[in-house]
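**Q** Got a structure for you, questions after.
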Amino acid sequence: GVTAVSQQVEMHKSTVSRLLATLEGVGAVARLPESNLFRIGPSLLSLISQVPFHQQLIALASPFLHQLTAQIGEDSGLCVPDGDQVLQIDQVRGQQQIQVRNWIGERYPLHSSVAGKLFLAFFAEERRERYLRERPLIRYASQTYTDPDQLRPHLLAIRQHGYSWVLDEFADGLAGLAVPIFDSNNQIVAAVTIYGPSFRFPGDNRAAVLSLALDAGRKMTDLLRQSNR
């Protein structure tokens with residue numbers, strides 16, 4: 001919002017408010033509904049399409065990640081498939097005293113991470129089966145799926161529901177949620193993640209957290225499709 005921007009650029013709120021109003025008027029930024037946050041506007045989307053894809057995703061997703069973290073209080077992240085792994089390309093930290101670590105730039109296995117299982121679920125069957133056939137399903141935590149025959153129906157359920165939850169699968173004590181971002185060909189290209197210690201997340205807010213995340217994922221999908229027209 002205006003306050004956060006004024007603090008970051010060290011300018012008075014009234015000045016920042018006028019600048020944002022000007023940028024909004026020319027379509028450079030757009031105000032998110034029902035909030036004081038801003039996102040990239042339509043006049044910049046065509047320019048974004050010329051930026052390398054990961055940078056494009058980060059730019060599109062950043063305001064939504066900040067909003068999710070502000071609403072939920074836990075870290076949010078942005079992940080992309082990278083061969084037979086998951087690559088984390090962005091992360092917004094929450095303000096809790098006990099936090100997960102910073103994972104930007106790190107890679108995780110598909111079968112045990114929350115974004116990885118989402119990618120596996122939405123991959124074409126041939127790609128998914130190749131992974132399950134050729135890659136060892138190494139145990140990373142107490143609830144990691146290590147048997148392809150048990151993982152397959154779980155992935156089918158993820159695809160049907162349109163989201164993925166994990167608990168004690170990538171690391172004991174870690175819980176996470178992932179929702180998809182699709183391109184104009186309806187192919188999954190990224191995942192929005194929210195995660196935190198399982199003693200706190202999602203707690204009694206599971207339904208609300210899921211609703212907020214799915215809404216953000218749909219909006220990011222729409223923006224990405226607009227930018228690539």
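**Q** Considering region 175-205 alone, what residues qualify as being out of contact with any Asp or Glu (no Cβ under 9 Å at 6 or more places or on another chain) and not in a strand (DSSP E or B)?
**A** ASP183, SER184, ASN185, ASN186, GLN187, PHE199, GLY203, ASP204, ASN205
**Q** Give region 108-158 a look and list any residue that's crowded, with 18+ Cβ neighbours inside 10 Å, more than 20 Å from GLN187 (Cβ to Cβ) and β-branched (Val, Ile, Thr), or say none.
**A** Result: THR144, single match.
**Q** Starting from residues that are farther than 17 Å from ALA208 by Cβ and in contact with a helix residue (DSSP H, G or I) (Cβ under 6 Å, 6 or more places away or on another chain), keep the ones in region 160-176 and report whichever is surrounded by the most Cβ atoms within 10 Å (Cβ to Cβ).
**A** Step by step, filter region 160-176, then rank; the result is SER164.
**Q** Just to be sure I understand, how many residues within region 106-137 are without any contact (Cβ under 8 Å) to a residue 24 or more places away in the chain and within 16 Å of ALA157 (Cβ to Cβ)?
**A** Going through region 106-137 one residue at a time, the tally reaches 2.
**Q** Among the residues of region 156-171, which ones are assigned to a helix (DSSP H, G or I) and either hydroxyl-bearing (Ser, Thr, Tyr) or touching a Ser or Thr at 6+ places or on another chain (Cβ under 9 Å) (or both)?
**A** Within region 156-171, just ILE158 meets the criteria.
**Q** Pull up region 31-50, narrow it to residues that are surrounded by 15 or more Cβ atoms within 10 Å (Cβ to Cβ), under 14 Å from ASP222 (Cα atoms) and over 19 Å from the mean Cα position of the chain (by Cα), then point me to the one that is modelled with the lowest pLDDT.
**A** LEU45
**Q** Do the conditions hold for PRO63, that is, is it at pLDDT 90 or above, in a strand (DSSP E or B) and farther than 18 Å from ARG101 by Cα?
**A** Here the answer is no, as PRO63 does not meet what is asked.
**Q** While we're on this one: When region 201-224 is examined, which residues are found to be touching a residue at least 40 places away in the same chain (Cβ under 8 Å) and of a type in the set (Ser, Thr, Tyr)?
**A** THR221
**Q** Could you tell me whether any residue of region 186-198 is more than 30 Å from GLN55 (Cβ to Cβ), touching a residue at least 12 places away in the same chain (Cβ under 8 Å) and either surrounded by fewer than 21 Cβ atoms within 10 Å (Cβ to Cβ) or in contact with a strand residue (DSSP E or B) (Cβ under 9 Å, 6 or more places away or on another chain) (or both)?
**A** yes
The values are calculated or read from the model by the stated rules, or taken from the named source; none is laboratory data. In this text, all values refer to a predicted model and were calculated from it rather than measured experimentally. Every residue, glycine among them, receives a Cβ derived from its backbone with ideal geometry; neighbour counts consider all protein chains shown.
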